[in-house]
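The values are calculated or read from the model by the stated rules, or taken from the named source; none is laboratory data. Predicted model only: the values in this text are computed from it and were never measured. Here the Cβ is made from the backbone with ideal geometry for all residues, glycine too, and neighbour counts use every protein chain on show.
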Amino acid sequence: MIKVEGLTKRYARTVAVDNISFEVEKGQIVGFLGPNGAGKTTTMRVLTCFLPPTSGKASVAGFDVQENPLEVKRRIGYLPETPPLYPEMEVSEYLRFAGRLKGISSADIAKRIDEVTGRCALGDVRNRLIGKLSKGFRQRVGLAQAMIHNPDVLILDEPTSGLDPKQIIEIRELLRALAGEHTIILSTHILAEVEHTCEHVIIINKGRLAAIDSVANLTNRLRGAEAVAVEVDAAGGQPNPTEVQQRLEQAPGVSRVVMKDSKDGRIRFEVESLQGRHIRAELARAVVNAGWNLNELHAVGLSLEDIFLQLTAAGQGAAEENRKEGEPKQ
Amino acid sequence: MKNVLLICQKELRSYFASPIAYAVMAIFGLIFGWVFYNASRDFVRYTLLQAQGMGQGGPMSVNDQIIRPLLGFAGTIALFMVPMITMRLFAEEKRTGTIELLLTSPVKDIEIILGKWLGALLLYVCVLLMSMLNIALLVLWGKPDLRPVLVGYLGLLLQGGCLLAIGALISTMTRNQIIAGIATFFISLLLWLLSWFTAFDSSVTATVVNYMSIVTHFENFGKGVLDSKDVVFYLSMMFLSLFLTSRSLESLRWRA
């Protein structure tokens, strides 16, 4: 549905986007992730035909953004970072203008307005002036504007910024409901956003592509083996930490054991498995068979947060390093 | 064409939803009304004097003594009004980011420009309508010749369209309305003053500079003379400014 090849956008002095390529299939919901100033907005602006690329190609539904901008624009709904609202208009009036501008006939417009005000929960404020609305409502009016012509592709620049937690959940649910029929790209610098909403994630940093994969794969790729936190009760100085460590190392499927700390009568370890092995049951058995008390045992997953920091801070090499160290998630 | 009308309608709505439209119409109506009152009062006094055999000079004419100076005066006030009308056209959309909505909708740049320009022109026509109230009084009681009046208004419309196009161009260049307004005002003023600088000069340069003056071309319209030379001047100025506006909007995409 969306195809970007070697896209580069250079401003007078800076390179905002540097040779990015990716593809998005129809019906996918893709998170565009990166720190502030990474080039997310620029890429989106190129896709919406607001900015022409310096070099490279971008196309939506087979139409090139430079050769066929009108066809691309017809298929795209775009919510910029600041919703493009006219404060002097009423909500329904604004949606009518936006809809007509995007080519909806005057016969269909009322139906479309009903539809999007319903989906974005704007029913109560239809006749209010946009200038008098709160930030959350404005964001939703902006979203309604992007959806008004029922576009194939929705491009949303930080759709949940400025919303309260309840509204964020509502927007996420709305986006997930839209995903099947629409292709959605949303940018964000909040990781939880991507974990909750998106199937795929594109991470960019300083204008370069850092990673592109499904959310599940990305998590797996960066930690192919399982990491397990184990806590053994050692009240009264028994058992000896080295003894426990040796026991754990002998359990089948364990690749290495790191002692994290030992205090207040508790010893904590982080145990990593060999590739593709599940070791939690073995570890439990090892501890219990030795006659010790097992306080706690749980899998440690790297969150997107860790992955993101690894990818953006030091690149792939550092990510590998971190994995070997088995840094636990707190 | 549908898109042009859609944007035009939206512009008109914004003008009338804000105080701009009313302010411009009220100020123009007041100033024009006051000048009209003075001109008609003097005209009536002078006619009475002449009727008593005390005045000298040729026959009095409503067209020459009232309407012509009034329309010329309206053209001058237009120089001051146009910046107020055009300053927000693009500058405000750039500042609030709504320009992104227009530029990412399936609409051609030229449709956006024409829509906005047409909206501004219609507000300008509304302003001119204020002055027609006064002229209507003259038509009721003074029996003026209507042709020169209509030609005069056509001139005002062309001159206004021209200045509005220049204002639209300047408004695409900044995101600050005040700067757009001031720049438009000074450029309009310059185009007006060009005819002053060269009034007593007959060199080739002076003729060219004089030709560029937006007011020179209005003089014929004021007299009720429809000269294709002046019409062509205004139309080509409009075309040039609107063309440059579309270039400027295009460059916005490259810089933004």
Looking at (1) more than 20 Å from the chain's Cα centre (by Cα); (2) of a type in the set (Lys, Arg); (3) within 18 Å of A:Gly31 (Cβ to Cβ), can you tell me which one A:Arg138 breaks? (3)
Applying the selection to region A:8-28, what residues are farther than 11 Å from A:Gly207 by Cβ and at pLDDT 85 or above? A:Ser21, A:Phe22, A:Glu23, A:Val24, A:Glu25, A:Lys26, A:Gly27, A:Gln28
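Test A:Ala110 against the criterion of being closer than 30 Å to B:Leu249 by Cα, out of contact with any His (no Cβ under 6 Å at 6 or more places or on another chain), in the same structural domain as A:Val24 (by TED's automatic domain parsing) and not in a loop (DSSP other than H, G, I, E, B), and give yes or no. Break it down stepwise before answering.
Working: closer than 30 Å to B:Leu249 by Cα: no; out of contact with any His (no Cβ under 6 Å at 6 or more places or on another chain): yes; in the same structural domain as A:Val24 (by TED's automatic domain parsing): yes; not in a loop (DSSP other than H, G, I, E, B): yes.
Taking the combined requirement at face value, the residue does not satisfy it.
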Restricted to region B:89-132 and to residues being among the hydroxyl-bearing types (Ser, Thr, Tyr) and outside any helix (DSSP H, G or I), the residue surrounded by the fewest Cβ atoms within 10 Å (Cβ to Cβ) is B:Thr98
If B:Gly53 passes every condition in (1) of a type outside the set (D, E, K, R); (2) assigned to a helix (DSSP H, G or I); (3) out of contact with any helix residue (DSSP H, G or I) (no Cβ under 7 Å at 6 or more places or on another chain) but one, which one does it miss? (2)
Do we find that A:Tyr86 is within 13 Å of chain B (Cβ to nearest Cβ) and in a loop (DSSP other than H, G, I, E, B) in this structure? yes
Pick out the one residue from A:Phe22, A:Phe32 that is in contact with a strand residue (DSSP E or B) (Cβ under 6 Å, 6 or more places away or on another chain) and closer than 23 Å to A:Leu163 by Cα. A:Phe32
Tell me which residues, restricted to region B:197-256, are aliphatic (A, V, I, L, M) and over 17 Å from B:Ile187 (Cα atoms). B:Ala199, B:Val204, B:Ala206, B:Val208, B:Val225, B:Leu226, B:Val231, B:Val232, B:Leu235, B:Leu249, B:Leu252, B:Ala256
Taking B:Ile77, is it farther than 27 Å from A:Glu81 by Cα, modelled with pLDDT under 90 and within 14 Å of chain A (Cβ to nearest Cβ)? no
For A:Cys49, the lone unmet condition from (1) touching a helix residue (DSSP H, G or I) at 6+ places or on another chain (Cβ under 7 Å); (2) touching a residue at least 40 places away in the same chain (Cβ under 8 Å); (3) among the hydrophobic types (A, V, I, L, M, F, W, C) is (2)
Can we say A:Ala216 is small (Gly, Ala, Ser) and within 22 Å of A:Ala299 (Cα to Cα)? yes
Within region A:187-220, restricting to residues that are assigned to a helix (DSSP H, G or I) and among the acidic types (Asp, Glu), the one that is nearest to A:Gly39 (Cα to Cα) is A:Glu193
Of (1) in contact with a strand residue (DSSP E or B) (Cβ under 6 Å, 6 or more places away or on another chain); (2) modelled with pLDDT under 85; (3) of a type in the set (Asp, Glu), A:Glu193 satisfies all except one. Which? (1)
Which of the residues that make up region A:150-171 are in contact (Cβ under 8 Å) with a residue 40 or more places away in the chain and assigned to a helix (DSSP H, G or I)? A:Glu170
Looking at A:Phe22, A:Phe32, which is the one that is under 29 Å from A:Gly118 (Cβ atoms), more than 8 Å from chain B (Cβ to nearest Cβ), in contact with a Leu (Cβ under 9 Å, 6 or more places away or on another chain) and part of a strand (DSSP E or B)? A:Phe32
